[in-house]
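Okay, so here's the structure we're looking at.
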Amino acid sequence: MINKGVNGDLTSGMLERFSSDVVDEKADYVIVLGGSNDIGWSLPLARIVHNLASIYDAARDKWISAVACSVPSILGFDELIHPRLELNKTICMEAEKRKIPFLDIFMATADKRNHRLLEDYSADGLHLNSKGYQRIGKYIFDKWLKAVLNHTSMAVE
């Protein structure tokens, strides 16, 4: 696994780097988690979704399996929770349309009652801390990677 995430990056930057970060690395899979910073910069939902969908499609065109992830919630910036929920709903629809896995990082790290990021997962309310990253790592493993590894090992046997 190679983490090619860039702090503060936008989905447009992810799309621009797709070839060098994913294709050139000869990846079999790409986990796509982006859009939080776009929301912070008040970019239109349609543009964010277009960029993410372009990444999913570029992966498909290169025979790379894409996994779509929702963006996580935040704590202390309640006005930015609704745009995240809207983006995540649209990411889920795009994943369903493309028949690719969707992993709901938001709900895996949020308080189910108010949709705020759980305090344990962030020191500043905006960025995940090590416990938050451990949580999403475990969630990704349990909800997706474990099945991929089991399928791969059965194919080898």
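Taking segment 82-116 as the region of interest, how many residues are surrounded by 18 or more Cβ atoms within 10 Å (Cβ to Cβ) and either in contact (Cβ under 8 Å) with a residue 60 or more places away in the chain or aliphatic (A, V, I, L, M) (or both)?
7
Within the bounds of segment 41-50, is there any residue that is over 19 Å from Ile100 (Cβ atoms) and of a type in the set (Val, Ile, Thr)?
Taking every residue of segment 41-50 in turn, none turns out to be over 19 Å from Ile100 (Cβ atoms) and of a type in the set (Val, Ile, Thr).
Which of the residues belonging to segment 26-57 are surrounded by 13 or more Cβ atoms within 10 Å (Cβ to Cβ), in a loop (DSSP other than H, G, I, E, B) and of a type outside the set (A, V, I, L, M)?
Selection gives Gly34, Gly35.
For segment 117-128, how many residues are within 29 Å of Ala59 (Cα to Cα) and either free of Cβ contacts under 8 Å to residues at least 24 places away in the same chain or of a type in the set (Val, Ile, Thr) (or both)?
Summing the residues that are within 29 Å of Ala59 (Cα to Cα) and either free of Cβ contacts under 8 Å to residues at least 24 places away in the same chain or of a type in the set (Val, Ile, Thr) (or both) in segment 117-128 gives 1.
For segment 62-85, does any single residue satisfy the condition of being over 22 Å from Asp9 (Cα atoms) and within 12 Å of the chain's Cα centre (by Cα)?
No, because not a single residue in segment 62-85 is over 22 Å from Asp9 (Cα atoms) and within 12 Å of the chain's Cα centre (by Cα).
Name, by its number, the condition in (1) assigned to a helix (DSSP H, G or I); (2) among the hydrophobic types (A, V, I, L, M, F, W, C); (3) surrounded by fewer than 16 Cβ atoms within 10 Å (Cβ to Cβ) that does not hold for Ile2.
For Ile2, the exception is condition (1).
Does Ser122 satisfy the condition of being surrounded by 18 or more Cβ atoms within 10 Å (Cβ to Cβ), of a type outside the set (Phe, Trp, Tyr), farther than 25 Å from Ala53 by Cα and out of contact with any Phe, Trp or Tyr (no Cβ under 6 Å at 6 or more places or on another chain)? Break it down into steps so the answer makes sense when it comes.
Working: surrounded by 18 or more Cβ atoms within 10 Å (Cβ to Cβ): yes; of a type outside the set (Phe, Trp, Tyr): yes; farther than 25 Å from Ala53 by Cα: yes; out of contact with any Phe, Trp or Tyr (no Cβ under 6 Å at 6 or more places or on another chain): yes.
The answer is yes for Ser122.
Each reported figure results from applying straightforward, stated rules to the coordinates on display, with no laboratory input. All figures in this text were calculated on a predicted structure; none of them were measured in a lab. Cβ coordinates were reconstructed from backbone atoms using ideal geometry, including for glycine residues, and neighbour counts include every protein chain displayed.
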